[in-house]
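Every number in this text was worked out from the coordinates using simple rules, so none of it is lab data. Keep in mind it's a predicted model, so treat the numbers as computed, not measured. Neighbour counts run over all protein chains shown; Cβ positions are idealised from the backbone, glycine included.
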Amino acid sequence: MHVDAIGCPYRTTTTAVRPDPCADYLSLKGGDPVEWDEFLGVWVVTGYTAVAQLLRNPALSSAWPTQGGTALHEDAPDRGNSSRTNSVVRRWFMFNDDPRHATLRKIVAPLFTAERVDGTRSFVESTVTDLLAEVGNSLEVMSDVAIPLSSRVICHVLGLPPDVAPRLRSWTQDIDALLRADYLPQAREQGDRAVREVSDAVESVLRAGSADDGTGISLLHRAFRAGEIEREDVLATASLLVHAGFETTSTFIGKAVRAAIHTGTWQQLTVPEAEMALEELLRFDTSVQQVARVAREPVSIAGRRIEAGDLVLLMLGVANRDPAVFSAPDRLEPGREIKRLLTFGLGAHYCLGARLAKLEAEVALQALASRSSTLSFVAPPVSRSHNGVTVLERLDIAFA
């Protein structure tokens, strides 16, 4: 399928390709890099330079679940306090600032060192081999590869039993909705239940004493016994790693396959520049489209003044399509040289599991590409809305 340099293929309405939800974000392109959204009552930042600067600005706090709300939250009839999400999620280190953020991050950082991730490669490769051995000339990318791979890997890293893996998809979708749409009673109810069930699974491992040394749960439990963290932090940090480790990676694998077929660039995943292609796929359709921050003090940027207490949405996906930084940004070019992506954030909160996510995607995409240099859609990709959050539901493909 031909893709011109000015139109994202996800905007098309052909029978082969349905519009992608990222088009909703891309419609923000072309305005000011920093704008006030009157409807939501938040700042929306889309410019690459502005997003990069604000990600590293200490005046912006990551603790938005305890401090930042939108007009939708103010209008929610049953909101009894200003805090968002729930008490477990508010303890996630990604939603805390230093020193608490640094303390918790340091405890689980050994799980994601270069040496540790390289040592996980054999598990990832064997898992992909097993999954593809069960498919024929066609497959559904999400349920056959992306979801079981990501769920099994994060269970392996954390020390959760393999029979927990099939439950991760529903858990993370409900938690994602809690993070994005907690002004909806149903999203809060389902999200709270998912967090409880993740915590129950971790508690079960702790009670049985079955976590292997070096796994995430064992590292957290050791830190608790040493008095470095509270027991609630063990459950909270484990649930964070479950959500982030599964949702981001499985979504990206699906989006990467979809984008490569859309744009007719699948065959370039088998060439020596495959690593560059992976970076371009990460730029082209960012898994985590936005992150939030709340201003602790006034910040001036791009001619606008953000006041203390204002909620700021940093649109990573739109920034990765900024024409001021990337030529023909709506064109997927596997050979594109990219100096720096915003896909995994920047600064102290740069995604701890980025290296593992890239490894999983690399192995999965290479394994699929080795089966055939040509893939096609068996049916149009299917997305659905889950409490206000768009989910890539099905991606049926066939090998040539």
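Odds and ends about this structure:
- Pairwise Cα distances in segment 292-400 exceed 25 Å in 47 percent of cases.
- Segment 295-396: GluC sites (Glu not before Pro) falling in loop per DSSP and having at most 11 other Cβ within 10 Å: Glu307, Glu337
- Residues whose amide H lies under 5 Å from that of Arg304, counting only those 5 or more places away or on a different chain, are absent; hydrogens are built 1.01 Å from N in the peptide plane.
- Pairs of lysines in the chain whose Cα atoms sit within less than 22 Å of one another amount to 6, provided the residues are eight or more positions apart or on different chains.
- Overall shape of segment 197-241 was characterised from the C-alpha gyration tensor. The equivalent ellipsoid obtained from it has semi-axes of 14, 13, 9 Å, in decreasing order.
- Computed extension length for Asp118-Asp97: 4.6 nm, one decimal, from 0.36 nm per residue of separation with the Cα-Cα distance subtracted.
- Those trypsin sites (Lys or Arg not before Pro) in segment 304-356 that DSSP places in a loop and that have at most 16 other beta carbons within 10 Å: Lys339, Arg340
- Of the chymotrypsin sites (Phe, Trp or Tyr not before Pro) found in segment 303-361, those that fall in a DSSP loop while having at most 15 other beta-carbon atoms within 10 Å are Tyr350.
- Between amide H atoms placed 1.01 Å from N, distances below 5 Å from Glu393 occur with Val382, Ser383, Arg384, all of them 5 or more places distant or on a separate chain.
- Averaged over residues, the count of other Cβ atoms within 10 Å places the peptides 125-137, 34-46, 207-219 in the sequence 34-46, 207-219, 125-137, highest first.
- Amide H contacts of Val88 (H built 1.01 Å from N, in plane; Pro and chain starts excluded): no residue 5 or more places away or on another chain comes under 5 Å.
- Label separation (Asp212 vs Tyr350): 2.9 nm, computed from points 7 Å beyond Cα along the C-beta direction.
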